[in-house]
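Take a look at the structure set out below.
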Amino acid sequence: MKISTIKELLEADVICCEEELTRHVYSACGSDMMSDVLAYVKDQAVLLTGLVNSQVVRTAEMMDMKCIVFVRSKIPTAEMIELAKESGIVLMATKKRMYEACGILFTNGLVGNRVKNV
Amino acid sequence: MSEVLNFHFDVDHEDFTSAGQASVQVKKNLRQLGLPPEIIRRVSIAMYEGEINMVIHAGGGTADVNVTEDYIEIILKDHGPGIKDIDQAMQEGFSTATDTIRSLGFGAGMGLPNMKRYTDYMTVQSVVGEGTDITMRVNIN
Ligand SMILES: Nc1ncnc2c1ncn2[C@@H]1O[C@H](COP(=O)(O)OP(=O)(O)OP(=O)(O)O)[C@@H](O)[C@H]1O
Ligand SMILES: [Mg+2]
């Protein structure tokens, strides 16, 4: 799914890295606990979260994630935006709540991902 | 014979916002070395979890990363409170994190299990009242 499609489906406002909207993501993860996010192996995934601090962006960066959607109109700090720009991670904010935002993406074909068992 | 590259970091506990900076730097360094993205990701995640743990549970510490021909080694040392029962701490879901830490997005009890999951070798040595030493390795081939 194109990141621009996510923006449309969630009626989200793009906060930074607009130029990366043509990229594709293949899976999604919704959580406010960063180690839960880090437990999932993602390739080009999008993170949906209601948590707002710098660790959200670092977590996405560690996972090579391309896009973070803040739910419930949470607005990232200037420092987070700076970090995201450095890594080319798209930040966007939607009014929708976590459950609804995840549901919309899921029913439009963006599936979750399984926990890696090594 | 094989050349070893070392990166050393002091992990500060003062500022939760800046926690994880060492891991971000390591990720950059490993990218510059041209290592495979999957290897870099595993090293970065394992180190990031360890770094966050040192910040939230141990009052900071040090991180050393050694890159050899065969593996990348991460050595984390702190002088925090130590871990009483390591087997218990390694269980998914076990956490002593406070509500404050949870509200910051940590305390799922997934950090140590993630470190184990993403690395090929991991040892945890800890003495209550003295601190914790963790060594992890990710094989390159
Ligand atoms: N460096 C450390 N010093 C002292 N105690 C530690 C250290 N690392 C982990 N622990 C203890 O082990 C427990 C489990 O650690 P783990 O990283 O798995 O979970 P967590 O940090 O509580 O939550 P999460 O990592 O999911 O955010 C911690 O709650 C803490 O009690
Ligand atoms: Mg942890």
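The values are calculated or read from the model by the stated rules, or taken from the named source; none is laboratory data. In this text, all values refer to a predicted model and were calculated from it rather than measured experimentally. Cβ coordinates were reconstructed from backbone atoms using ideal geometry, including for glycine residues, and neighbour counts include every protein chain displayed. Just so you know, the surface numbers come from the protein's heavy atoms only, side chains and all, with ligands and any DNA or RNA stripped out. Shrake-Rupley method; radii C 1.70, N 1.55, O 1.52, S 1.80 Å.
Couple of notes before you dig in:
- Gain in span if fully extended, B:D133 to B:T68, counting 0.36 nm per residue against the direct Cα distance: 21.4 nm
- For chain B, the relative contact order is 27 percent, taking Cα pairs closer than 8 Å that sit 6 or more residues apart in sequence and dividing their mean separation by the residue count.
- Most mobile listed residue (A:E11, A:E61, A:E86) in chain A, GNM with C-alpha springs under 10 Å: A:E86
- Solvent-free Debye scattering, log10 I(q)/I(0), computed from the Cα coordinates of region B:1-42 at q = 0.14 Å⁻¹: -0.41
- Apportionment of accessible area to carbon and sulfur, the protein assembly as shown, percent (1.4 Å): 49 percent
- Accessible area buried at the A-B interface, both sides summed, 1.4 Å probe (Å², nearest 100): 2200 Å²
- For the protein assembly as shown, alpha-carbon Rg over 2.2 N^0.38 Å: 0.99
- Candidates A:D36, A:D64, A:D13, ranked by Gaussian network fluctuation over chain A, Cα under 10 Å, top entry: A:D36
- The protein assembly as shown - mean residue ellipticity at 222 nm from DSSP helices (-39,500 (n - 2.57) per run, n ≥ 4, rounded to 500): -10000 deg cm²/dmol
- Label zone at A:R97, where the point sits 7 Å out along the Cα-to-Cβ direction: region A:69-89 residues whose backbone N lies under 20 Å: A:69-75
- Put simply, the C-alpha atoms of chain A give a gyration tensor, and the ellipsoid matching it has half-axes of 18, 17, 14 Å, longest first.
- Straight-distance candidates among the aspartates and glutamates for linking to A:K85, with alpha-carbon spacing under 12 Å and chain neighbours fewer than 8 residues away dropped: A:E18, A:E19, A:E20, A:E61.
- Net lengthening on full extension, B:Y121/B:I39 (0.36 nm per residue, minus Cα-Cα): 28.2 nm
- For chain B, built as a Gaussian network whose Cα springs stay under 10 Å, the top-fluctuating residue of B:E73, B:E51, B:E130: B:E130
- Between region B:1-80 and region A:46-76, the C-alpha centres lie 21 angstrom from each other.
- Summarising the label geometry, the points placed 7 Å from Cα in the beta-carbon direction at B:R31 and A:R23 lie 1.0 nm from one another.
- At a probe radius of 1.4 angstrom, the accessible area of the protein assembly as shown per residue rounds to 47 square angstrom.
- Measuring spread by the Cα atoms of region B:5-139 yields a radius of gyration and Dmax of 14.0, 43 Å.
- Taking amide H positions as modeled 1.01 Å from N, with prolines and chain starts lacking one, the residues under 5 Å from B:Y71 and 5 or more places away or on another chain are B:I140.
- With a threshold of 23 Å on the Cα-Cα distance, the over-threshold entries among A:K66/A:K95; A:K7/B:K28; B:K28/B:K84 are A:K7/B:K28; B:K28/B:K84.
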